[in-house]
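S.K.: Below: one structure in structure tokens.
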Amino acid sequence: MITISNGDVVKMQITNFSRRDRYPFLVKLGLRYETPMETMVAVTRDIREFLAQHPRVLASPLRVHFSSFSDYSLDIDVFAHIDTRDREDFLNTQQELLMEINRVIEEHGAEFAFPSTTTYLNPDSLTQAPTTLKLAGDGQD
């Protein structure tokens with residue numbers, strides 16, 4: 001048995017999952033750092049337009065934004081709600097949306113990022129050391 005005071009219940013946001021009429025679609029996309037900002041603008045715009053036109057995606061909230069510079073990627077956050085009560089229908093619609101998002105990214109020549117390390121090799125800017133050294137007391141003056 002759990003006891004919750006009336007005052008606490010009034011302050012709480014209660015979600016009854018059995019009465020759910022929509023499912024959240026939340027995706028974080030990581031694109032390579034080589035992606036030009038013009039491409040980021042076009043990708044986010046086209047994903048937003050596709051989602052806005054999809055019959056199963058609710059008009060609000062609908063957010064697609066370049067959100068952060070992560071360790072390995074330029075991140076885009078996608079958030080929307082899918083208009084369904086059925087979990088299986090949600091999963092099928094989510095799959096369809098993800099496949100189309102992948103097509104949009106490929107269409108713009110962008111690529112997904114993956115954990116990687118880049119090593120930059122650059123010659124030292126100091127003057128070159130002499131090739132011969134004179135040692136004290138070696139008899140060469």
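S.K.: Need the failing condition index for residue 79 against (1) in a strand (DSSP E or B); (2) farther than 13 Å from residue 29 by Cα, just the number.
M.R.: Unmet condition: (2).
S.K.: Just give me the residues in the stretch 9-31 being touching a residue at least 60 places away in the same chain (Cβ under 8 Å) and either under 28 Å from residue 72 (Cβ atoms) or surrounded by 10 or more Cβ atoms within 10 Å (Cβ to Cβ) (or both), in sequence order.
M.R.: 20, 22, 23, 25, 27, 29, 30, 31 - these are the residues of the stretch 9-31 that are touching a residue at least 60 places away in the same chain (Cβ under 8 Å) and either under 28 Å from residue 72 (Cβ atoms) or surrounded by 10 or more Cβ atoms within 10 Å (Cβ to Cβ) (or both).
S.K.: Got a sec? Which of 71, 46 is under 22 Å from residue 98 (Cβ atoms) and outside any strand (DSSP E or B)?
M.R.: One residue alone meets the criteria, 46.
S.K.: If a residue must be open to solvent by less than 50 Å² (accessible area, probe 1.4 Å) and either within 19 Å of residue 85 (Cβ to Cβ) or in contact (Cβ under 8 Å) with a residue 60 or more places away in the chain (or both), how many such residues does the stretch 47-75 contain?
M.R.: Here the count works out to 4.
S.K.: I would also like to ask the following. With open to solvent by 70 Å² or more (accessible area, probe 1.4 Å) and more than 30 Å from residue 119 (Cβ to Cβ) as the only criterion, which of 100, 38, 34, 88 stands out?
M.R.: Only one candidate qualifies: 88.
The values are calculated or read from the model by the stated rules, or taken from the named source; none is laboratory data. All values derive from a computational prediction rather than experimental measurement. Cβ coordinates were reconstructed from backbone atoms using ideal geometry, including for glycine residues, and neighbour counts include every protein chain displayed. Heavy atoms of the whole protein, side chains included, go into the accessibility calculation; ligands, DNA and RNA do not. Shrake-Rupley method; radii C 1.70, N 1.55, O 1.52, S 1.80 Å.
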